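Report on one structure; see the data block that follows.
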Amino acid sequence: MKAKLYFLLSMMIFGAVGIFAKYIALDSCQIAFFLSLIGALFLFSLCLLKKRSLPCQKVRKNLPLLLTASLALSGNWIFLFQAYKKTTIANAALTYYLAPILVILAAPLILQEKLSLRKLLCTAFALLGLFLILNNGLNESSADSLTGMIYGLIAAVFYAALTLINKFIKDLDGLTNTCFQLLFSAILLFCWSVLAGSSWSSLPAADDILLLLVLGICHGGAGFYLFFTGMQALNGQSIAILSYADPLTSLLLSVLCMNEPMSLLQGIGALLLFSSIWLAERTSTAPYAAAAAKSSAIR
């Protein structure tokens, strides 16, 4: 139950990313770099304050997987932020949140998980709810909008890869895993931004710095700590289902905080999405408890 709560909280935090990232006057790679760097520094600072030593031997053991996961994380952020800048948040989300479907389909092949009929049906209803929620965004059909949706789809592939790769990382607690993935991601993103010709001649504006701090600490640090910690005791299919809490949070925030109207179809879609998540996970407490106990025994 604790793992599901952690993962759901991370999805709620991630649901607010687009609202912040869309208004930062930096390119997508720079936003992703600062998010990863600030998040890594924040978590490493927590380790120092707690006088917690990092398990370097275990990090070296998982180094190839950590680097591969960091590459997937970097690609995920770059293309997602680019999607937000090219099109509406709704259009970007429409393609990006196909990622849980990719995880559902890949889990039986890569993670050797049995695909249950109940979760398959719940995934179908969640996808239907998602389409209803984002229905208004389909009305925009400009070239930039199409490009943004393609970027969102590429981000979805990276997100699915990140989820699956992390299931193979062993013996690392959530805090250590998050620290090093964010650190490696920041290094990769900085190198890529230099190669891509991003301008580093001036500091970000004061408003952008504030938004970057929020993204780095809340979304990069706290969000990914909850994300990686929660997924350790969850199987791939459960992760995919619970991921739909992210777009649901985006919708609720847009209505409550930005006074955007909610149509009847969006309301029905939100209800379908919430119901699908609840039905898919309500009888799964015992397997998660067993998985958590096994994970704790390993560590």
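The values are calculated or read from the model by the stated rules, or taken from the named source; none is laboratory data. Bear in mind that the values here come from a model prediction, so they are computed numbers and not experimental data. As a convention, Cβ positions derive from the backbone with ideal geometry for all residues, glycine included, and neighbour counts pool all protein chains shown. Surface areas here come from the heavy atoms of the whole protein model, side chains and all, with no ligands, DNA or RNA. Shrake-Rupley method; radii C 1.70, N 1.55, O 1.52, S 1.80 Å.
Is it the case, given these coordinates, that Ala107 is over 23 Å from Leu272 (Cα atoms) and out of contact with any strand residue (DSSP E or B) (no Cβ under 9 Å at 6 or more places or on another chain)? Against the criterion (over 23 Å from Leu272 (Cα atoms) and out of contact with any strand residue (DSSP E or B) (no Cβ under 9 Å at 6 or more places or on another chain)), Ala107 qualifies.
The residues of region 141-166 that are open to solvent by less than 40 Å² (accessible area, probe 1.4 Å) and either part of a loop (DSSP other than H, G, I, E, B) or of a type in the set (Val, Ile, Thr) (or both), listed by number, are Thr163, Ile165.
The residue list Leu175, Leu210 contains one member that is part of a helix (DSSP H, G or I) and modelled with pLDDT of 90 or more, which is Leu210. Being out of contact with any Asp or Glu (no Cβ under 8 Å at 6 or more places or on another chain), surrounded by fewer than 21 Cβ atoms within 10 Å (Cβ to Cβ) and either part of a loop (DSSP other than H, G, I, E, B) or touching a residue at least 40 places away in the same chain (Cβ under 8 Å) (or both) is a property that does not hold for Asp246. Within region 75-93, being crowded, with 24+ Cβ neighbours inside 10 Å and not in a helix (DSSP H, G or I) holds for one residue alone: Thr87.
Under the condition of being open to solvent by 20 Å² or more (accessible area, probe 1.4 Å) and touching a helix residue (DSSP H, G or I) at 6+ places or on another chain (Cβ under 6 Å), the residues counted in region 4-15 number 5. Please indicate, with yes or no, whether at least one residue in region 58-70 is exposed (fewer than 15 other Cβ atoms within 10 Å of the Cβ) and either closer than 23 Å to Lys22 by Cα or not basic (Lys, Arg) (or both). Yes: region 58-70 contains one or more residues that are exposed (fewer than 15 other Cβ atoms within 10 Å of the Cβ) and either closer than 23 Å to Lys22 by Cα or not basic (Lys, Arg) (or both).
Going by the structure shown, is Leu65 over 16 Å from the mean Cα position of the chain (by Cα), farther than 15 Å from Ile217 by Cβ and of a type in the set (A, V, I, L, M, F, W, C)? So Leu65 passes the test.
Any idea which of Ser45, Ser53 is more than 16 Å from the chain's Cα centre (by Cα), polar (S, T, N, Q) and farther than 26 Å from Leu203 by Cβ?
On inspection, the qualifying residue turns out to be Ser53.
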